[in-house]
Amino acid sequence: MKTASFLAEIETRHAARHQEDRQRLLPTEISPISFSHNDYLGLSQHPVVIQAAQQALQKYGASARAARLLAGPCPEHEKLETALASWKETERALLFSSGYLTPLGVIPALVGSGDTILLERQAHACLFDGAKLANARLRVFSRQDPTSLKTILDSTRSLNPKGKILIVVESLHSMDGDIAPLREIVRLKSEAGAWLLLDEAHASGVCGPQGAGYAKEYGLTSSVDLQMGTLGKALGSSGGFVAAQSQIIDHLLNEARTFLFDTALAPAAAHAALSALSILRSKEGDQLRQTLHKNISHFRTAYPSPQEGAIQTVFCGSNSAATSASQYLLQHGLTVPAIRTPTVPSGAARLRLSLSACHTPQEIEKVTAALRSLPTS
Ligand SMILES: Cc1ncc(COP(=O)(O)O)c(C=O)c1O
């Protein structure tokens, strides 16, 4: 019997990726005008945020040096958790070392075999990966179709009356840029006795009062069981968090494995995020959001699109069409990433633009003019 070869399989998969035009390479070029960063308010470059990181680096060094439960107290973590909980109107928050690792710890700590996870069909990879690790039954629904959610909730309840149900949804979708019908989702989950984990990765900092996200905008912070976010987008740093009532946070602190067994967030990242958060919640934060929303309106006037937020997409269809469009824009001095399968479904490859408060009106003009002039093939 022939033994399976690692290299033979690696080569086969490499060839398939090439054939389908989805081979990924690290970027070698970036133009000064970039629409690829999720730093929606430009806070990663803010002098006060940079200074906060520098101060923490001086004080604590470059690393937290151990998992949180072993490393001893770190005031930067604690202050940030208190501030995040207040921002999200919850009792407490818990930090993780990345947004990606947050649901990988949180979801399996909440549900397991005998339970069901209802996940929106196009959810971010980290939500799918967290759901897979949980070993619960996984069912998908369309986030823009509350009727489909109700049908799945009803059938899950009748098939498995004793199991817990966890609904997982993004408020502002990372790849489609649309907003989930949160009020209906919350109503349905409450009627069904399910819990909701709401990922506000792309809404936090950008939407709602003080940028606290859609749960706050709709007055739903006490109805959303767990609010998840990242420090790596509008908060201009890196790391992830979940905000919830104290009892849930205590549970996660004991059972979320990506919290328990991972080196804690670097204190410098925590202090940078804390400083970004206080800017976000200040008048300056309101002004930055106003500038961002002006940029969004400017973009949508010059290049009409259905997306109301900072994430704008241009559908290309095939992977190769998206790659060519991205290359065309790069030749015009603009970095706009092509999003291909498997990040998005086959045939739905696209350009994805993250608009920021730091983009100038001239940059918005330039990108929209270039988009209008994209060759049609
Ligand atoms: C919806 C969503 N959740 C979670 C994450 C992970 O966050 P991070 O990149 O900070 O690890 C992302 C990242 O793009 C995301 O889009």
Q: Run down G205, G219 and say which single residue is part of a loop (DSSP other than H, G, I, E, B) and touching a residue at least 12 places away in the same chain (Cβ under 8 Å).
A: G205
Q) Give me the pairs: first residue in segment 183-201 and over 19 Å from C126 (Cβ atoms) and aliphatic (A, V, I, L, M), second residue at pLDDT 95 or above and part of a strand (DSSP E or B), beta-carbon distance under 7 Å, and six or more apart or on different chains, which are they? A) I185/I167; I185/V169; I185/L196; V186/L196; A192/I165; A194/I165; A194/L166; A194/I167
Q: Tell me, please, whether a residue that is on the phi > 0 side of the Ramachandran plot, surrounded by fewer than 18 Cβ atoms within 10 Å (Cβ to Cβ) and more than 11 Å from the ligand (Cβ to nearest atom) can be found in segment 114-130.
A: yes
Q) Is there any pair linking a residue in segment 145-160 that is farther than 14 Å from I117 by Cα to one that is in a loop (DSSP other than H, G, I, E, B) and polar (S, T, N, Q), with Cβ under 7 Å and at least six apart or on different chains, and which? A) S148/S142
Q: Mind telling me which of the residues A310, A369, A357 ends up being closer than 27 Å to L288 by Cβ, small (G, A, S) and surrounded by fewer than 17 Cβ atoms within 10 Å (Cβ to Cβ)?
A: A369
Q.
Name the single residue that is nearest to the ligand (Cβ to nearest atom) among those in segment 155-184 being part of a helix (DSSP H, G or I) and closer than 16 Å to V140 by Cβ.
A. T156
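In this structure, does K216 turn out to be farther than 17 Å from A123 by Cβ and touching a Pro at 6+ places or on another chain (Cβ under 7 Å)?
Yes, satisfied.
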Q.
Being assigned to a helix (DSSP H, G or I), within 16 Å of the ligand (Cβ to nearest atom) and small (G, A, S) is the requirement here; does G105 meet it?
A. yes
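The values are calculated or read from the model by the stated rules, or taken from the named source; none is laboratory data. No experiment lies behind these values; they were computed from the predicted model shown. Reconstructed Cβ throughout: ideal geometry from the backbone, glycine too, with neighbour counts over all protein chains shown.
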